1. Would you please report the Å³ per residue occupied by the convex hull of the alpha carbon atoms in the range 181-243?
2. Counting other beta carbons within 10 Å of each residue's own, what order do F234, F107, F191 fall into, fewest first?
3. Placing +1 at every Lys and Arg Cβ and -1 at every Asp and Glu Cβ, with all other atoms neutral, what dipole size does the chain have around its Cα centre, in debye to the nearest 20?
4. May I ask you to order 74-81, 150-157 by the average number of other C-beta atoms within 10 Å around their residues, highest value first?
5. Let's see if you can work this out: charge +1 on each Lys and Arg Cβ, -1 on each Asp and Glu Cβ, no other charges. What is the dipole magnitude of the range 37-93 about its Cα centre, in debye to the nearest 20?
6. Put +1 on the Cβ of each Lys and Arg and -1 on the Cβ of each Asp and Glu in the chain; which of S177, S262, T68 then has its Cα farthest toward the positive end of the dipole?
7. State log₁₀ I(q)/I(0) for the range 28-140 at q = 0.10, 0.12 Å⁻¹ as given by the Debye formula over alpha-carbon point scatterers of equal weight, solvent excluded.
8. Looking at the chain only, what percent of DSSP beta bridges run antiparallel? Nearest 5 please.
Amino acid sequence: MSVVLPRLLGVLFLSCAWWYGFTTDGQLRLGGTSVEDPLLLTVYVLSVGQGDAIHLRTPGGVDVLIDTGRDARVLEELGRTLPLSDRVVEHLVLTHPDADHIGGVPFVFEHYEVDAVYSTSDRGSSGLADLVWMLAHEQAGSSSLLMRGDSIQLSKDVEVVVLWPQMGDAHSGNDDSIVLRAVAGRSHLLFTGDIERPTEDALLGLQDEARYSLQSDVLKVAHHGSVSSSSSSFLQAVLPTYSVISAGLENAYGHPHDRTVSELHRYSSSVLRTDLDGSIRCVVHESGVMCEPV
């Protein structure tokens, strides 16, 4: 008894030291998160091969999935980022109807309940696109279009603002992609779908108020790092600390392009790539954001 009790007390002390820990400057921490610097949002750029799938999750358990990649690989990745007990995706945003962005939708609907689906007016004309919109209509709680000025409130501290498309714009295809900017505390994260330089130029001319500023701490690089996107003027306006590229290893398109990667290094402190680094996690606290491979 005299030996067991000290050991039990030691285990209890170590457990408390982790849960009620202290930072080096003496701030109390709960579960590894500083009381004075709360967690606001976690963002995962998922490694789904040549495609896009991005998972945003609040500490309160609200989930946003921006695109789904090409196939069922999105399920494997969501299995790592969503608790097993959570089978609900509150918001599914489909930036545009390319197969490498919507191909995983049937698999998501098969395994998760989806409360709301958002898209542009460009619904595509393929058999896959027809299936996706049928599922959205029949199985999602709601389905609606997103336009510039709309927003999705995820918590009292996190809002996702729609920067593009704009009502009446003449763009189509990649340039009609939904562009989102998440505002979490003092941090901003920009998600650009597959937009190319014409839409980048349009967005540069639409920064008429802080709400629509392009400056962001994290940039999900447009169109998998294609040379047709990420102009110098656009990157200079965004000026991201982290640039994250979603692309498949040794893909047939040559993404990301060497010139684009070079430009990203000019304007970013860190360039991360799913083809080389795997899935990328960005953790947003009140004080700022940090991104790294998972």
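1. Details: hull volume 4.5 nm³, N = 63.
It is 72 Å³ per residue.
2. F107, F234, F191
3. 860
4. 74-81, 150-157
5. Numbers: 5 positive and 9 negative charges, 22 e Å.
Taking the Cα centre of the range 37-93 as origin, the dipole is about 100 debye.
6. So the residue we want is S262.
7. Computed log10 I(q)/I(0) values: -0.31, -0.42.
8. Expressed as a percentage, antiparallel bridges in the chain total about 65.
Rule-based calculations on the coordinates, nothing more; no lab input. Since the model is a prediction, treat every value here as computed from it, not as a measurement. All Cβ positions, even for glycine, are placed from backbone atoms using ideal geometry, and neighbour counts span all protein chains on display.
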